[in-house]
Structures are given as structure tokens and as C-alpha cells.
Amino acid sequence: MSDHKRFGPADPEDLVQSNIGILTSGGDCPGLNAVIRGAVRSAERLGYGCIGFLHGYEGLVDPIQYRKLTSENVSGILMTGGTILGSTNQGRFCAVKGENTRVDLDPNLLQAVKQSVAQLNLAGLICVGGDGSLAVAQQFFEVGIPVVGVPKTIDNDLSATAFTFGFDSAVACATEAIDRLHTTGASHGRVMILEVMGRHAGWIALHAGVAGGADVILLPEIRWTWDNIAQQIETRRAAGKNFTIIVVAEGTHLPDGEHVVRERRQEDRQTRLGGIGNVVAYELSARLGVETRSTVLGHLQRGGMPTAFDRLLATQFGVHATRLVHQGLLGRMVCYQPHEILDVSIQDAVGQLNRVTLNNATVVTARGLGISFGDLHPTDPFDAIIQSSAQTTADTPTSFPGVIPFIPDLDMPFDSTFIAE
């Protein structure tokens, strides 16, 4: 068995040194390894040992499964996708089922985790995950387990941070797919539908749709009708455009308010969405007599190398998560508010989703380009932002409530030029 992997009882060496634990939970995405690398390298400089738990939260108990992490064995992982620690979005640690539905974990399970943390002499446990995984971390903190959160979701739907790592890589993947659909759609005069991820928020569809030059973007946040999409297709035809590109987020409701699902909710996981692209393709073909094709991008959005932006953001998150443990700022999550790496309580971070709004700058940009969201909107695409500008200026706080700015500790061995601007 590898020297870096431990199962069952802890290594006596790990009981002496003060350690920082790290785990990756939920769906994978590009940038997870960059977080691990950033946390390990900065922790070593502060004198901590590092322990990486395997398979998400499952590696914490019955049996304990972990590997010792060092600068040597995390070398070279900055640019690799996935996670060297493994991850899971099902099992015993499912704390969210559906939107804003908390499920309390078994108290005996929580006590077992607490015992593992004490046994391994952890000064803090860095939990990398999305809203569901961070909801678990919050329950850990409520029973006295020293946790720090790192936001991870390609959906970019956590309100406490402007961006999450993995999102930019997913948008890049989806944009490339739209570029490819343009050429084949134009060649055959087809309506091409691309279904992308986005359970509660349509950020990937919105950003990729604008960047890729889509003609219609369908989002969970904006109600739409078949007639409005048909009108956009017919308007393009009248202008001599024989093809149309439609991007739809998997969590988008149909006009009757229903979701399209692949698998209903199970005991240890949320409902699996997917298939709305095929429904849109079928309905438009039946209504307009046009040839349609649907492509589901799926897990291609989660794989591959992280973009430069995601590598940088993930690295900063890893380093600053270590900083929170070192300074005793537990129960908090690192977050990005341009151009600062700050922190907010985990409880506040998971309490509200970050959704696309009608007056969002990218939505307004899309409307200004003539992109349809399948809804009825004013002739002037800038009406929404004009009407809300006065209220935004007067009422919007300059930062997320509860966010604590990073104040450098002069005793920490960090080069000041490396700290967020």
C-alpha cells in the first residue's frame, strides 16, 4: 500500500503534528487540484502537516480514509482537472435535498467525525464544495468541528462570491460547443439546441450564449413561451438567416412551469435534471416544420484542464482557506469580490442562491444584441437597467453583508505581493 495512503487507525506521526485537513465534495470541476495545491503549499510554510480525506466526507469515518499531502506529491497538479482526493455527491452526508431544504445529519455520524478530527489533531478542516457540501460543513461547525469552506460550483450560484472556480472553464467549454454548432447548423439550415448545466441558475447558458453568439437563451430565471421562440426563428428566416442557435440551461422550466427530469429524487441525492434540450427540439420541429438537433453537453463541462482564471482563483482560495485556519477564523468561507479575496460565514453563504436577474448587465447586453430569452420585453433593451439604476445606486451595499475583508498578518510568511489586490 502507498506510503501516502492510510485506512483505519491514524498513523502515530499524524497524532503529534498540528494538521490541516482538506476534502473535495460534490460534483467535480476544473480547479479542485489547484485548491489542494494552494492549501498544502501555504500550510507547509506555516508549519502544518496536511491530510487529504478521500471520497469527500465519506473518508472521515468508518473507516477513516486519507492520504498525507506534501508539496512533493501535489507538484504538477495545478493544471489537471478532477481531484486527486476523489469526490462524491451521495452517501451518508447528504444535507440538502432540493432547493433550500436542509436535512439534519445523524448526530452519531457528526460525533464520529468530531472524534476523527480530534484523533488526527486537525487545527481545521477545509471543505471544498457547493451549496450542499457547505451545508454539511455548517452542521459540522454547529457541533464544534473546526471547518473552513471553499466555494466550488460550475453553476456559479452562491450569492456570497462573485465567481466560483470551475465556472469559467465550463463557460469556455460551452462556448466552444456553440462555435462548432454554428458551422454545422449553417451548413444544413437547422435549429441547433445546446443543453448546458445550471440547476437553479442560468449563468453558464447566459455567459456562453452571449460569448458564442447564440440567438435564443433559455434560463431558469426567465419565463418564456413557445410562440416567442418561434417568432425569433421566423424573424431570422425573414432576414435570410437559415439557422438558429438556442442555448438552454438544464434547470429551465417549460412554459407550463414543469421541469424535465432524468431521474426523480432518491434518498441520498437530488433529482437529476436533463432532457429539456430534446423537448425544445421536438416541439419546435412540430410547430414550425424545421429540422432540429439537440446536443447535451453534460459532463464535458466538468472535465479537462482549468482555465487560467480558474487556476488563479482556486489557488487563491486554497491559500486563503489556510489563512483562515491559521488565524482561527472558523465556520467561514472564502469568497471573491473583485478584486479581493474575503470571507463570509458559511451559514450566510449557503442561505441564498445567486440567480440571474432581468437587469443583469449580461442580460441587458444580450437584449441589446437582439438575443431572445423567449419572453416579452420592452422594445428598448436598456429599459430594465435604466429603471433600476436609481435604486441600485441608493440601496445596494458595496459588499456582501457579513463579508470580512482580509487584513494581512505581518507574522505570516506570505509575500505581500501575493496577497489579493
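The values are calculated or read from the model by the stated rules, or taken from the named source; none is laboratory data. What you see is a predicted model; the values in this text were computed from it and never measured. Neighbour counts run over all protein chains shown; Cβ positions are idealised from the backbone, glycine included.
Structural remarks
- Residue within the stretch 106-118 that is of a type in the set (A, V, I, L, M, F, W, C) and touching a Cys at 6+ places or on another chain (Cβ under 9 Å) present: no
- Given (1) surrounded by fewer than 17 Cβ atoms within 10 Å (Cβ to Cβ); (2) part of a helix (DSSP H, G or I); (3) free of Cβ contacts under 8 Å to residues at least 40 places away in the same chain, index of the condition residue 71 fails: (2)
- Subset tally (residues that are more than 18 Å from the chain's Cα centre (by Cα) and in contact (Cβ under 8 Å) with a residue 60 or more places away in the chain) for the stretch 321-345: 11
Residues checked against (1) under 26 Å from the mean Cα position of the chain (by Cα); (2) at pLDDT 85 or above; (3) of a type in the set (Gly, Ala, Ser):
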| residue | (1), (2), (3) |
| --- | --- |
| 85 | yes, yes, no |
| 90 | yes, no, no |
| 95 | yes, no, yes |
| 116 | no, yes, yes |
| 124 | yes, yes, yes |
| 127 | yes, yes, no |
